[in-house]
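Shown next, in structure tokens, is the structure this report addresses.
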Amino acid sequence: MEVRGKAMLELKGVTKRYAFDPAVDRVSFTVGPGEVLGYLGPNGAGKSTTIKMLAGLLDPTSGSIHYEGRDIRSAFVEYKRRLGYVPEQSEIYPYLSGYDYLLLVGRLRGLPEPVLREKARAFLRVFDLDSDRDNPISSYSKGMRQKVLISAALLHDPDILLLDEPLSGLDVSTGMIVRDLVKRLAAEHKIVIYSSHVLEVTEKICTRVLILDKGRIVADDSVENLRSLMNLPTLVEIFNQLVSHEDTDAVARNLVAVMQG
């Protein structure tokens, strides 16, 4: 797929420390338009910390993040305009309706009011939330809130999508919609970084996977190349080989023994 100009997103030796221990340790990678980068790792590996640095919510302790050849902090407002972000935690104003929340986000994004209202209604309609659009978000299920967050991330047609556990709370059908949506976004030359624990879905939609363990990159390649190099048939087995540090079957046996004991 053709990469237009220098529209690359790049991390250069990025480290984030909390107290003395690095949550992210000298991470470097580049991702361009049309790529879907699967960003994987066990809990505590540094995935969400990296995503938050890419979203501008955290500053790296060292290293830098560049977009189109410039440090994102040198043109931060412009960078944020081109960014869409679905966070891992659906912290969302509970007293607003889904429709009002999208209007709030769109106004902060500077979208023209008639365009914004039509887009907000259309997103809620496509996500089957039209009948609930005026109800407070506090009455929404987790999956409904996730649909609103995805809509808010896409509202301004961003060039970069950061998706941190985007399938959280979604039913199977909506999960399949999101899977196909990610593929279409890549076809529209968007940069997509997709962080998830659902490895079977990640394997199907990502052009490349990067696996973190204890804040460091332990693999960065296409799923096909990793299968060939490691002589393993699935991403799940590759992931377990690279980052699993315990006998999961033995742990499961112990849990059953405790349950029955």
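The values are calculated or read from the model by the stated rules, or taken from the named source; none is laboratory data. Note that this is a predicted model, so its numbers are computed, not measured. Please note: Cβ atoms are built from the backbone with ideal geometry, for glycine as well, and neighbour counts cover all protein chains shown.
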Which numbered condition P42 fails, given (1) closer than 26 Å to L242 by Cα; (2) at pLDDT below 95; (3) touching a Lys or Arg at 6+ places or on another chain (Cβ under 7 Å):
(3)
If you go through segment 56-75 one residue at a time, how many are under 21 Å from D164 (Cβ atoms), surrounded by fewer than 19 Cβ atoms within 10 Å (Cβ to Cβ) and hydrophobic (A, V, I, L, M, F, W, C)?
2
How many residues of segment 172-196 are touching a helix residue (DSSP H, G or I) at 6+ places or on another chain (Cβ under 6 Å) and not in a helix (DSSP H, G or I)? The answer is 3
Could you please find all residues in segment 90-149 being basic (K, R) and free of Cβ contacts under 8 Å to residues at least 24 places away in the same chain?
R107, R117, R121, R125
Can you spot a residue in segment 78-97 that is in contact with a Ser or Thr (Cβ under 8 Å, 6 or more places away or on another chain) and polar (S, T, N, Q)?
yes
Extreme residue, nearest to A152 (Cα to Cα), among residues of segment 71-94 that are hydroxyl-bearing (S, T, Y) and either outside any loop (DSSP other than H, G, I, E, B) or in contact with a Pro (Cβ under 6 Å, 6 or more places away or on another chain) (or both)
Y85
Would you confirm whether any residue within segment 13-29 is surrounded by fewer than 20 Cβ atoms within 10 Å (Cβ to Cβ) and closer than 19 Å to L161 by Cα?
yes
Which condition from (1) in the same structural domain as V209 (by TED's automatic domain parsing); (2) crowded, with 18+ Cβ neighbours inside 10 Å; (3) in contact with a Pro (Cβ under 9 Å, 6 or more places away or on another chain) is the one that E35 breaks?
(3)
Looking only at residues in segment 217-245 that are touching a Leu at 6+ places or on another chain (Cβ under 9 Å) and acidic (D, E), which one is nearest to G46 (Cα to Cα)?
D220
Restricting the first residue to segment 53-67 and requiring it to be in the same structural domain as T15 (by TED's automatic domain parsing), which pairs with a second residue that is in a loop (DSSP other than H, G, I, E, B) meet a Cβ separation below 7 Å and a spacing of at least six or different chains?
M53/P60
Just checking, how many residues over segment 123-154 are part of a loop (DSSP other than H, G, I, E, B) and within 17 Å of Q89 (Cα to Cα)?
2
How many residues are surrounded by 11 or more Cβ atoms within 10 Å (Cβ to Cβ), in a loop (DSSP other than H, G, I, E, B) and without any contact (Cβ under 8 Å) to a residue 40 or more places away in the chain when one looks only at segment 212-243?
3
